[in-house]
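Comments concern the structure below.
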Amino acid sequence: MANYMAVDVGGTNVKYSLMTDQAEILEKGEFPTPYDEGLQGLVDGLKKVYDSYADRNIEALVMSAPGKIDATKGYFYTSGALHYIDGINLGDVLKDVIPVPFAVENDAKAAALAEIWKGSLQGIKDAFVIVLGTGIGGAVVIDGKLYRGYTFAAGEFSGIPMN
């Protein structure tokens, strides 16, 4: 059975779990989202979790996070409140520290993909997903598939200007 280290980077906490390839949660935990420590604090926190699962045959690190993210490259154009991730490819940063394949998706888009795969959007053609946490995110599903948009921001509320 394949095991994955699944991580959700939030504005308050970084939640993590050890999961099977069928989304069964084997273990879970969290640590405060690093702000003062910047990118190195996030990398150190993820490495600590990965090391705690060292004997669990981790196939990959999968992550959801806020921001405009090119999921095909692992590149963060923006990252919500975690500005230290703006303009970087997090997979490139992590590859020497956590030696397994890395995949990342915007948090709202990851929620939509999970609902399409295992949740309430199974068999649904068109939908809009709203996620509420420290921020507000959204995702669009068209013809049963996630729509990212050409700027990777389709469905996002976080970029709406407010007066």
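Values in this text are rule-based calculations from the coordinates and carry no lab data. Keep in mind that what you see is a predicted model, and the values were worked out from it rather than measured. Backbone-built Cβ (ideal geometry, glycine too); neighbour counts: all protein chains shown.
Please work out the FRET efficiency for the pair Lys47 and Ser120, using the Cβ-Cβ distance as r and a Förster radius of 30 Å; give the result to the nearest 0.05.
It comes to 0.30.
Just to be sure I understand the model, the point goes 7 Å from the Cα along the line to the Cβ. What's the resulting Met1 to Phe157 distance in nm?
Placing both labels 7 Å beyond Cα along the Cβ direction yields 3.6 nm.
Below 8 Å, C-alpha to C-alpha, sequence gap of six or more: please give me the relative contact order for the stretch 22-141 in percent.
Relative contact order of the stretch 22-141: 19 percent.
Say each of Phe128 and Ile88 gets a label point 7 Å from the Cα, pointing the same way as Cα to Cβ; how far apart are those two points in nm?
My value for the distance between the label points is 3.4 nm.
What's log10 of I(q)/I(0) for the stretch 67-139 at q = 0.11, 0.18, 0.20, 0.28 Å⁻¹, Debye sum over Cα points only, no solvent?
For the stretch 67-139 at q = 0.11, 0.18, 0.20, 0.28 Å⁻¹, log10 I(q)/I(0) is -0.33, -0.79, -0.91, -1.21.
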